[in-house]
Structures are given as C-alpha cells and as structure tokens.
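Worksheet for the structure shown next.
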Amino acid sequence: MSILVINTGSSSLKFCLFNDQASAVILDGEIDWHGRGQPAELTVRITGQPERKTTTDASDSASAVTLAIQTASDSLPEGQSIQAVGHRVVHGGTRFLESTRIDPAFEAELDHLTELAPLHNPPALKAIKAAENELPKIPQVAVFDTSFFANLPRSAAVYPVPWVWHENYGIRRFGFHGISHSYCTGRAAEILERPADSLRLVICHLGNGCSAAAVKNGVAIDTTMGFTPLDGLMMGTRSGEVDPGILLYLMKEKGLSADQIDEALNHRSGLLGISGTSSDYRRVESAAGAGDDRARLALEIYAARVRSAIGSLAATLGGLDALIFAAGVGENSATLRSAATKGLEFLGVQIDPLKNNNHPVDAAISTAESRSKVLVIHTREELMIAREVAKLIARA
Ligand code: ADP
C-alpha cells in the first residue's frame, strides 16, 4: 500500500512513491524529455540503492505517467500496490481552494482553468487522464499551488485596475508555489520549536521559478507572484515584475505582438536575458566569476529583488520572526543568501558566515544575536502532496 505523487512540468515529470502514512519515501525519480528528437531520460532513486539512469521513448506527460506508474509498481514487493495518486496542479483558480478528489466533473472544470494557466495546467490534466487509464480504480487527488494563497486579504489580492476587470475577467492575485510555501511554514515551526500560529515568516522559494511569501500565524497574507507566475522576483527565464508601461510602449511604438512579448518575458528574460549566458544560477555564477560583466549584473539584480521583496513583505507582516530560503538557489547558494540579506540588519537579520557556508539543510544560519532567525529549508513539495492525499483518503 503506497501513495504515488506525480509532479508534471512542461518538459519533465517527477514522481515519488511514499508509504501509506506519507512518512517515508520508497522511491523517487524523474523523466526528462529535453527536446524534440532527443531520447528522454529516466532517473530512478530507490532508497538505499545507487541512482539508475536509462533512456526511454516517453515523449510527453501521458507516456511519462505510464512509465512512472510501471516503475513505481515494479519496485513494490509482491502483493503490494499503489493505493492512491496525488497530482500537483499549478492553478486552482478561485474554484479549487483546497486539495480535491478527482472525478469527471473536476476534469471538466480544470479544463476551463486552462485559459488562466496555459503553460502549466494542460500537462497536469494529460497526466491525470493517463494515470486514470493506468489505475482506473485508484483514488486520485489534485493538490494546488494556489490553495495556500486562497485567503489572501483583499488588499493583497485585488489589483488597483478598473473594477470591471476584477469582476468580469477575474483579474486578481492568485499566488503560486503554495505547496512549497506551506511545507516551509510547517518545517520552520518545527525547527524553531514554536507553533506556526505565533510566527511572522518571509519565505523565499528560489528555484527556476521564484517567489517570496509573507506568512502570519500560519496563513499567507501576501506574495510576489500574481495573476500569473510571471510576477514578482527575477527568475531563470522569467522577468518577474516590470513596469506594465514597457509592454504598452513595445506594442504601440515598436510593433511587438502580444505573442512576442509573452515569449520574451516568459522564456528570454530573467537570468538568461540579462546574462546572455544561461538561465541556470550556477552557470551565471561561474560566468560572473570568470569576469563576465552581464553575468555579474544579472546576479546583482537577482539579489536586489530578493532583498527588496523581503523588506516589503516584512513591512506587511509588521516584523519578522524568521526568514527562510528554499529551492535550488535558496538552499544551495551561500553567496545569494549573503547578498540578499546585506543591509537587512535593520530588520534584525544577521547571518553567520560560517553557518551560511557550511551547506546548511533545515538549519538556522543566523547568528545567536540575530533578532530574526534565518533558516535554510530543503523544500519537499512531493511530501506535502502525499500528506494531502493521505489526509483526504483518511477523511473519506
Ligand atoms: P525547479 O524550480 O525547476 O524545481 P530547482 O528548485 O531545482 O528548480 O532550482 C534550480 C535552480 O537552482 C537552478 O538555477 C540551479 O542553478 C540552482 N542551483 C542548484 N544547485 C545550486 C548550487 N549549488 N548553487 C547555486 N545554485 C544552484
């Protein structure tokens, strides 16, 4: 008996098999189909065994799901089977405010939300259908990145635009990366040995996509991501916040189309756009280290935007008990953490360089005197999804 978690991206699918209490990982892996014409790669890590890599012919999320289910089932001892499947779904809109059991009505409604999340929801929907084909009698659950932000205060959720946009077009701040922010909230409370409902947290999830959130007493009250995951911090290929007047200027005066601007802001901006080298933080760091001026500028903008978000979110919280760094860059880059917190002493943030450089995992990197704690947390979105599935199944 076990729970399989499926996390579908646009060019990869991650999967993770948990025991039925969602307390231990049995196996995890991913399937990457990097580009057309290239063979996909399957990576499998079984707890206690060396990682295995093989090529496969899975070329989309549906065939990747079939392969993930086969791989997970094969790893289970004779007589055991997958008991439930959890899917990460990026956008729940205002319809899905919490994790939901999947049925045909759900799928139709999720299909309607495609307009809001054209890049993210369609591969998830495809994966859900494929998993239902493979495991028709097994309960499936959708866990949303937007749920954690479902109750943002109106002052954070509503944009100062004509009211009809809000009313007629549903324009509002949704917020994303909620599964990670929610996990980090719980984990921070454990590490600090204080109840989550006594804490003011700023959480910086810095991966390929980046967002920061303000969490007060366990509840999200603001975030940098908005109506789409394009808003807020600088990211790998996404711009984050820019003056909307730039888009109007480019359309009216330079003749750029909506599609051209969409492609540029989503795929050719951020670290890649500024450095001209890569969207990958490590590569930009190496280029900057080798003296590349644009790479250096990219890192400066990246850190400046994280710092400014921390200041703004701490102001919204009315103070800061802990600052959290998570995801690829947040967990691994000591230089980013140091640069992004430079000048934040006025907020009571003081990093201990030794702790910061010592590859911290689920640990504090602040000095003993620091009024606000600074934590590095290894975020575990798959675990959070498995817990949600276990909770829903138990309730049913
Ligand atoms: P995703 O958002 O796709 O889940 P990750 O959370 O894995 O992405 O983050 C990927 C980012 O983390 C990349 O920019 C990568 O360069 C960065 N990263 C990973 N390891 C390190 C490291 N040791 N130092 C700096 N950046 C790192």
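Which net charge results for the neighbourhood of LEU299, defined as the other residues with beta-carbon distances under 14 angstrom from its beta-carbon, given Lys and Arg at +1 and Asp and Glu at -1? List each step's numbers first, then the result.
Details: positive: ARG282, ARG283, ARG294, ARG296, ARG305, ARG307, ARG337, LYS342; negative: ASP280, GLU285, ASP292, ASP293, GLU300.
So the environment of LEU299 carries a net charge of +3.
Can you tell me how much longer the chain between ASN19 and HIS166 gets when fully stretched, taken as 0.36 nm per residue apart minus their C-alpha distance, in nm with one decimal?
Gain in length upon complete extension: 48.6 nm.
Please compute P(r) over all alpha-carbon pairs of the stretch 1-158, binned at 10 Å starting from zero, and give each bin as a whole-number percent.
11, 39, 33, 14, 3, 0
Expressed in nm², what is the orientationally averaged projection area of the convex hull enclosing the Cα positions of the stretch 124-194?
Computed as one quarter of the Cα hull surface, the answer is 7.8 nm².
Please give the length that would be gained between ASP362 and MET251 if that part of the chain were fully extended, namely 0.36 nm times their separation in residues minus their C-alpha to C-alpha distance (nm, one decimal).
Using 0.36 nm per residue and subtracting the Cα-Cα distance, I get 35.4 nm.
Consider all pairwise Cα distances in the stretch 113-243 and report the whole-number % of them above 20 Å. Don't jump to the answer; show the numbers that get you there.
Numbers: 4566 of 8515 pairs.
Result for the distance tail: 54 percent.
Is it possible to state the helix-based mean residue ellipticity at 222 nm for the chain, with each DSSP H run of 4+ residues giving -39500 (n - 2.57), the sum divided by total residues, to the nearest 500 deg cm²/dmol? What is it?
-12000 deg cm²/dmol, from helical runs alone.
Under the definition of Cα pairs under 8 Å and six or more residues apart, what whole-number percent is the relative contact order of the chain? Numbers along the way, then the final one.
Details: 810 pairs, mean separation 54.9, N = 396.
About 14 percent, as a whole number.
Going by average Cβ density within 10 Å per residue, which order do the peptides 203-210, 39-46 take, highest to lowest? Show your work: numbers first, answer last.
Details: 203-210: 25.9, 39-46: 17.2.
For the peptides 203-210, 39-46, the packing ranking is 203-210, 39-46.
Of the heavy-atom accessible surface of the chain (probe 1.4 angstrom), what whole percent is carbon and sulfur?
For the chain, the apolar C and S fraction of the accessible surface comes to 51 percent.
Calculate the dipole size of the stretch 94-208 relative to its Cα centre from +1 charges on Lys and Arg beta carbons and -1 charges on Asp and Glu beta carbons; express the result in debye to the nearest 20.
On the way: 11 positive and 13 negative charges, 62 e Å.
Magnitude of the dipole: close to 300 debye.
Provide, for q = 0.12, 0.27 Å⁻¹, the log10 of I(q)/I(0) from a solvent-free Debye sum over equal Cα point scatterers in the stretch 165-220.
Once normalised to I(0) and log-transformed, intensities are -0.34, -1.03.
In debye, nearest 20: dipole of the stretch 202-310 around its Cα centre with unit charges on the Cβ of K, R (+) and D, E (-)? List each step's numbers first, then the result.
Details: 11 positive and 13 negative charges, 43 e Å.
Its charge dipole is roughly 200 debye.
So in the chain, what percent of DSSP beta bridges are antiparallel if you round to the nearest 5?
Numbers: 41 of 62 bridges.
Antiparallel bridges make up about 65 percent of those DSSP assigns within the chain.
Once Rh for the chain is found with the Kirkwood sum over Cα pairs, what is the Stokes-Einstein diffusion coefficient at 25 °C and 0.890 mPa s, in µm²/s?
Answer from the Stokes-Einstein relation: 112 µm²/s.
With the dipole of the chain worked out from charges on the C-beta (+1 for Lys and Arg, -1 for Asp and Glu) around the Cα centre, which of LEU110, ALA390, ALA315 lies farthest toward the positive end?
ALA315
Could you compute the net charge surrounding ALA156? Neighbours are other residues with a C-beta less than 13 Å from the C-beta of ALA156; K and R count +1, D and E count -1. Please report the intermediate quantities before stating the final value.
Working: positive: ARG154, ARG172, ARG173, LYS216; negative: ASP222, ASP231.
Value of the local net charge: +2.
Send over the per residue convex hull volume for the stretch 279-343, Cα only, as a whole number of Å³.
Values: hull volume 5.7 nm³, N = 65.
Hull volume normalised by residue count: 88 Å³.
For LYS216, give me every one of the lysines with a C-alpha distance below 25 angstrom, ignoring sequence neighbours fewer than eight places off in its own chain.
By straight Cα distance, LYS216 reaches LYS342, LYS373, LYS391.
With every protein chain kept in place and ligands, DNA and RNA left out, what is the accessible area per residue of the chain? Probe 1.4 Å, answer in Å².
48
Between the stretch 74-113 and the stretch 237-307, what is the C-alpha centre distance in whole Å?
So the two Cα centres are separated by 34 Å.
Between ILE301 and ALA264, what is the FRET efficiency for a Förster distance of 22 Å, r being their Cβ-Cβ separation, to the nearest 0.05?
0.85
Explain nothing, just the number: dipole magnitude of the chain about its Cα centre with +1 on each Lys and Arg Cβ and -1 on each Asp and Glu Cβ, in debye rounded to the nearest 20. Before the final figure, lay out the partial values.
Values: 37 positive and 45 negative charges, 151 e Å.
Around 720 debye, computed over the chain.
Over the stretch 82-133, one equal point on each Cα, no solvent: what is log10 I(q)/I(0) by the Debye formula at q = 0.13, 0.25, 0.30 Å⁻¹?
-0.27, -1.04, -1.48
Above 12 Å lies some portion of the pair distances; for the stretch 60-112, what is it as a whole percent of all C-alpha pairs?
75
So what is the diffusion coefficient of the stretch 120-162 in µm² per second by Stokes-Einstein at 37 °C and 0.692 mPa s, using a Kirkwood Rh over Cα pairs?
So the translational diffusion coefficient is about 247 µm²/s.
List the aspartates and glutamates whose Cα sits under 15 Å from the Cα of LYS137, skipping any in the same chain fewer than 8 residues away.
LYS137 reaches ASP103.
Between GLU241 and GLN70, take the C-beta separation as r, use R0 = 45 Å, and let me know the FRET efficiency to the nearest 0.05.
0.60
Please report the base-10 log of the normalised intensity I(q)/I(0) for the stretch 257-396, using a Debye sum with one equal scatterer per alpha carbon and no solvent, at each q in 0.14, 0.19, 0.21, 0.22 (1/Å).
Cα-only, vacuum Debye calculation for the stretch 257-396: -0.80, -1.12, -1.21, -1.25.
The values are calculated or read from the model by the stated rules, or taken from the named source; none is laboratory data. Keep in mind the model is a prediction, meaning the values are calculated, not measured. With ideal geometry, Cβ positions are generated from the backbone for all residues, glycine too; neighbour counts draw on all protein chains shown. When the accessible area is computed, the model is the full protein with side chains, heavy atoms only, and any ligands, DNA or RNA have been set aside. Shrake-Rupley method; radii C 1.70, N 1.55, O 1.52, S 1.80 Å.
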